[in-house]
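Structure incoming, see below.
Every number in this text was worked out from the coordinates using simple rules, so none of it is lab data. Bear in mind the structure is a predicted one, so any value in this text is a computation, not a measurement. Here the Cβ is made from the backbone with ideal geometry for all residues, glycine too, and neighbour counts use every protein chain on show.
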Amino acid sequence: MRRWLYDNLGLKLLSLLLAALLWAVVLGEQKVEVTVNVPLRFDVPSTLFLVNDPTDTLEVRLRGPKTLVTSVTAREISVDEWPVKLTEGENSVPIREDLIRVPRGIRVVDVSPRRVRVVLERAVEREVEIAPRVEGNPPDGFVVRQVAASPPRVRMVGPASELARVTRVRTLPISVLGHKTSFSTRALLEPVGRLVRVEDGVTIVVQVEIEPKNS
């Protein structure tokens, strides 16, 4: 151990001296301020939905030696653990300078906004009827007798207030133009809300029955 300590002792001492000199130069530099935009992420529980649009960026004003401050990037800045636990309803989260973690030698002098409003709603599930949507007409002498989806209903999940307004979900248009016989096709669903989604990765098949018109 002692032998390792004294090996290349001169080079080691020189390295320490250069590092100390460099740090002294940095600390003695002119102090400047810069503003960095830092991404803000919300740790929302899986049983809740974020229903408002809070800011996703913080403006952090930094002060320190010019060499350090002008080279710092947003990836080197992080936000500590949130000061409040997010719960259902309206949350007002204070953002303080001491929550921002920055590289050594740099100081946070301001952060904006000072408070972030986060509104959460509980997630609910409900089965909703599928309404197949057809467009166009078969050739003359033929008519669409019946259109049915399989499965007839789909389970959806979303915020309680948004899903309460959904009574049925339509498919994207299915063309019957030129069809003289019955056919089936896979169908996609129209979006029904900003946050409502299909819970199961179910495949929806629409059966279209086409028959000759009764004379």
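Less than 12 Å Cβ to Cβ from LEU163, Lys/Arg counted +1 and Asp/Glu -1: what total charge do the surrounding residues give?
+1
From the square roots a ≥ b ≥ c of the eigenvalues of the alpha-carbon gyration tensor of region 98-213, which class results: rounded (a/c under 1.5), prolate (a/b over b/c), or oblate?
Note, shape of region 98-213 comes out prolate.
Work out how much length LEU50 to SER184 would gain on full extension: take 0.36 nm times their residue separation and subtract the Cα-Cα distance, in nm to one decimal.
Between LEU50 and SER184, full extension yields 44.4 nm more.
Continuing with this model, one more query. Cα centroids of region 112-172 and region 176-215: how far apart, whole angstrom?
Here the answer is 13 Å between Cα centres.
Oh, and also: VAL205: net charge of surrounding residues, Cβ under 14 Å, Lys/Arg +1, Asp/Glu -1, itself excluded?
+1
What is the calculated FRET efficiency for ARG101 to THR70, with r their C-beta to C-beta distance and R₀ = 22 Å, to the nearest 0.05?
Efficiency at R0 = 22 Å is approximately 0.70.
Give or take rounding to whole Å, what are the principal axis extents of the alpha carbon atoms in region 29-113, in descending order?
50, 18, 17
Name the long-range amide H neighbours of ALA123: under 5 Å, sequence gap of 5 or more, or other chain; modelled H, no Pro or chain starts.
The list, which skips near neighbours in sequence, is LEU48, PHE49.
Could you state the angle between the C-alpha long axis of helix 9-27 and the longest principal axis of the C-alpha atoms of the chain, as a value from 0 to 90 degrees rounded to the nearest 10?
Between helix and principal axis, roughly 70 degrees.
So which aspartates and glutamates pass the test for LYS66, namely a Cα distance under 15 Å, with those fewer than 8 places away in the same chain ruled out?
Filter leaves GLU29, GLU33.
Averaging sequence separations of C-alpha pairs under 8 Å and six or more residues apart, then dividing by the length of the chain, give the relative contact order as a whole percent.
Reported relative contact order: 18 percent.
Decide, for region 42-85, between rounded, prolate and oblate: order the square roots of the alpha carbon gyration tensor eigenvalues as a ≥ b ≥ c, take rounded if a/c falls under 1.5, and otherwise choose prolate if a/b is larger than b/c, else oblate.
Since a/c reaches 1.5 and a/b is larger than b/c, the shape of region 42-85 is classed as prolate.
Same structure, new question: Please state the equivalent ellipsoid semi-axes for the chain: what are the square roots of 5 times the Cα gyration tensor eigenvalues, largest first, in whole Å?
Semi-axes from the Cα gyration tensor: 64, 23, 17 Å.
So if I place +1 on the C-beta of Lys and Arg and -1 on the C-beta of Asp and Glu, and nothing else carries charge, what would the dipole magnitude of region 29-113 be about its Cα centre? I want it in debye, nearest 20.
480
Choose one answer from VAL36, VAL176, VAL157: the residue with the largest mean-square fluctuation in a GNM of the chain with alpha-carbon springs under 10 Å.
VAL176
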